[in-house]
Amino acid sequence: MQTLDYSGKVVMITGAGAGMGKLAAENFAEAGAKLAICDINQDKIETLAAVLRAKGCDVLARAFDVSDESQVKIFLEECVNRFGRIDVGINNAGILQPVAHLHTLELDALDKQYQVNIKGAFACMKHQLANMLKQGGVILNLSSLAGLNGAPNLAAYSSAKHAVVGMTRTAAVEYGRFNIRVNALCPSFVDSPMLNDVVEQGPISKDRMIEFNPMKRLATMQEIVNAMLWMCSDFNSYMNGQAIAIDGGLTAF
């Protein structure tokens, strides 16, 4: 029987210094994976790497900005030189925009979304795909429910996350013949540091988010990471080109 055992697998996770990315790194390490992790915050990524190494995980950790393609390329080369391959790429790094109505939003907010949430994901996919052509692999892009539906007061973020879904589906069609699966995960309201940032800016509270949801609660970060573990596993060997909502039923309305 298959299990969620990542022994012998090399898993790359971006934005691993905190929040969902950090929890994902911890979970994949527990499942036996070798990790290539990165984050823009050097202290956070080095601290995490030290903790994981102390638990016996083989870890390559670097601090850089994923919107800089040259750094992404160098990191992937380091990963392949160190481990011989990359089996799973989880493109989790992302930023939020200021919460604001579209007509009040500065175009600079859209530029920042493009640089990190679109260009960063694209650069990672480009070099992950190039390194997976020989043996196949799995790419999981972190989009959002905002990448499937509208997201009031988050127009720039929603636009970027829709773009991630488009890149995901296109790559799935292009590279499926090489045994490379590319999917997107689209969480809704997750009790996480990013959601706390949204709530601090207003105008919506966690209580209102809970009220809107059919399950009458927020998702936990662990529930989203559980989905990552399954979506990237051999249990899920025929899913390709999908944008999966983990939303407690919001999209069922």
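The values are calculated or read from the model by the stated rules, or taken from the named source; none is laboratory data. Note that this is a predicted model, so its numbers are computed, not measured. Ideal geometry is used to build each Cβ from the backbone, glycine not excepted, and the neighbour counts take in all protein chains shown.
Out of Gln113, Gln128, Gln97, I need the residue that is crowded, with 20+ Cβ neighbours inside 10 Å and modelled with pLDDT under 95. Which one? Write out each step before concluding.
Numbers: Gln113 fails: modelled with pLDDT under 95; Gln128 fails: modelled with pLDDT under 95.
Residue meeting the stated conditions: Gln97.
Kindly state which helices (runs of 4 or more DSSP H) lie completely within segment 144-253 and contain at least 3 residues that are of a type in the set (D, E, K, R) and exposed (fewer than 14 other Cβ atoms within 10 Å of the Cβ).
Values: elements: 155-175, 193-201, 206-212, 221-231.
Of the helices (runs of 4 or more DSSP H) lying wholly inside segment 144-253, those with at least 3 residues that are of a type in the set (D, E, K, R) and exposed (fewer than 14 other Cβ atoms within 10 Å of the Cβ) span 206-212.
What are the pairs with Cβ atoms under 7 angstrom where one residue, in segment 213-237, is free of Cβ contacts under 8 Å to residues at least 60 places away in the same chain and the other, located anywhere, is β-branched (Val, Ile, Thr) and assigned to a helix (DSSP H, G or I)? Sequence gap at least six, or different chains.
Final answer for the pair search is Lys216/Ile210; Arg217/Ile210; Leu218/Ile210.
All but one of (1) under 23 Å from Asn240 (Cβ atoms); (2) free of Cβ contacts under 8 Å to residues at least 40 places away in the same chain; (3) not basic (Lys, Arg) hold for Ser158; state the number of the condition that does not hold.
Failing condition for Ser158: (1).
Give the residue that is farthest from Gln201 (Cα to Cα), with candidates limited to residues of segment 71-108 that are without any contact (Cβ under 8 Å) to a residue 24 or more places away in the chain and in contact with a Phe, Trp or Tyr (Cβ under 9 Å, 6 or more places away or on another chain).
Ile74
How many residues does segment 72-112 hold that are within 26 Å of Ala61 (Cβ to Cβ) and part of a helix (DSSP H, G or I)? Steps first, please.
Start the filter on segment 72-112 by keeping residues that are within 26 Å of Ala61 (Cβ to Cβ), which leaves 72-96, 112.
When the remaining residues are screened for being part of a helix (DSSP H, G or I), the result is 72-83, 112.
Selection size over segment 72-112: 13.
Find the residue count for segment 182-193, including only residues that are more than 15 Å from the chain's Cα centre (by Cα) and at pLDDT 95 or above.
So the count comes out to 0.
Using the structure shown, decide if Gly21 is assigned to a loop (DSSP other than H, G, I, E, B) and closer than 24 Å to Trp230 by Cα. Spell out how you get there, then give the answer.
Values: assigned to a loop (DSSP other than H, G, I, E, B): no; closer than 24 Å to Trp230 by Cα: yes.
Answer is no for this residue.
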